[in-house]
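Presented below is the structure to which this report refers.
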Amino acid sequence: MTKIAPQSIAFVSNEASTMPTIVDRQSFQANVDTLRIREKALTREADAIAAERRQLPMVEVDGLTPVVGPNGVVPLIEAFDGRQQLIVAYMMWHEGKSAAEQCQGCTMVINHIPELGYLHSRDVTLAVFCQGPFEPSNRYREFMGWIMPWYSVPSNSVEPLIAGRHFGMWACYLRQGERVFETYWTTDRGCEHMGSSFAMLDLTVYGRQEVWQTVPTGWPQQFFNTMCLPNEHPLATRPIAQWSRLAQGHADDLYPSTNANPTE
């Protein structure tokens, strides 16, 4: 394992074209007030969409579908941990690969999972269902310092749960007695709700610094997306969320018994 120091990517420029126009406080506030009208409209539209989402129909899922947890094979319904609702992050897994080679996007979003008590207070359990075998993926969870319940999905359970979709999605479930229903699912940019860094970066002047964003000429656009580093960066092949874990000295060997995949 290579111990690293915390790193960031600097964008330095003294050119006026890389900064917003400088105005007095009154003009600044007038522009903020104009934008705020659209922001409030977006908030109200998001509330309306959420209300419609809550009224979607649902589809039944076999509550006995097996998943693998720390105590072995258990039925899906046990993942609710006695609560009525369940949110599942379906994590992509690259079997046989090192920690550095695991999914950038899934790692980034899952790393934002909040204090679970807020969800529990609403009778909601949040768990990760990983695509690979339990032991190495659980070691990845331990390396990352994640505290949420962790399960792997055996091959015979993939289709009953994924139903033609793919890992990398998030899904919501409702339990009624012994019956389990899927009430919503999303993927790709729909998962941004779970990654608060997206929203925080969108508040800053340079935003996410991604190539698809609309920005003035000369402003930084160093990233393909928020999860991935520029190819020339020395840690480009390692998920960003791993930097602090390595800097703190946490081991990232996922296969200690066989040493089949020595880490960097």
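Pairs meeting the criteria (first residue in the stretch 180-195 and of a type in the set (S, T, N, Q), second residue not in a loop (DSSP other than H, G, I, E, B), beta carbons under 7 Å, at least 6 apart or on different chains) are THR183/CYS172; THR183/TYR173; THR183/LEU174; THR186/TRP170. How about the stretch 51-106: which strands (runs of 3 or more DSSP E) wholly inside it have at least 2 residues that are without any contact (Cβ under 8 Å) to a residue 40 or more places away in the chain? By residue number, 72-75.
Of all residues in the stretch 49-74, those that are within 24 Å of the chain's Cα centre (by Cα) and small (Gly, Ala, Ser) total 3.
Note down all Cβ pairs under 7 Å where the first residue falls in the stretch 147-160 and is closer than 15 Å to GLY72 by Cβ, the second is in a loop (DSSP other than H, G, I, E, B), and they're at least six residues apart or on different chains. Qualifying pairs under 7 Å: PRO149/ASP81; SER152/GLY132; SER152/PRO133; VAL153/GLN131; SER157/THR65. When VAL73, VAL88 are checked against the criterion of being β-branched (Val, Ile, Thr) and either modelled with pLDDT under 95 or touching a helix residue (DSSP H, G or I) at 6+ places or on another chain (Cβ under 9 Å) (or both), a single residue qualifies: VAL88.
Could you please find all residues in the stretch 242-258 being at pLDDT 80 or above, out of contact with any Ser or Thr (no Cβ under 6 Å at 6 or more places or on another chain) and either part of a helix (DSSP H, G or I) or of a type outside the set (Ser, Thr, Tyr) (or both)?
So the first thing to find is which residues in the stretch 242-258 are at pLDDT 80 or above, and the list is 242, 245-256.
With out of contact with any Ser or Thr (no Cβ under 6 Å at 6 or more places or on another chain) added as a condition, the list becomes 242, 245-251, 254-256.
Within the stretch 242-258, GLN242, ARG245, LEU246, ALA247, GLN248, GLY249, HIS250, ALA251, LEU254, PRO256 qualify.
You will find that of LEU116, LEU126, the residue that is more than 16 Å from GLU78 (Cβ to Cβ) and aliphatic (A, V, I, L, M) is LEU116 and no other. Taking the condition in contact (Cβ under 8 Å) with a residue 24 or more places away in the chain, out of contact with any Phe, Trp or Tyr (no Cβ under 9 Å at 6 or more places or on another chain) and not in a helix (DSSP H, G or I), does LEU126 pass? Yes, satisfied.
Residues in the stretch 31-49 that are surrounded by 11 or more Cβ atoms within 10 Å (Cβ to Cβ) and of a type in the set (A, V, I, L, M): how many? The number of residues fulfilling the criteria is 1.
The values are calculated or read from the model by the stated rules, or taken from the named source; none is laboratory data. Just so you know, these numbers come straight off a predicted model, no measurement behind them. Note that we place each Cβ from the backbone using ideal geometry, even for glycine, and neighbour counts take in every protein chain shown.
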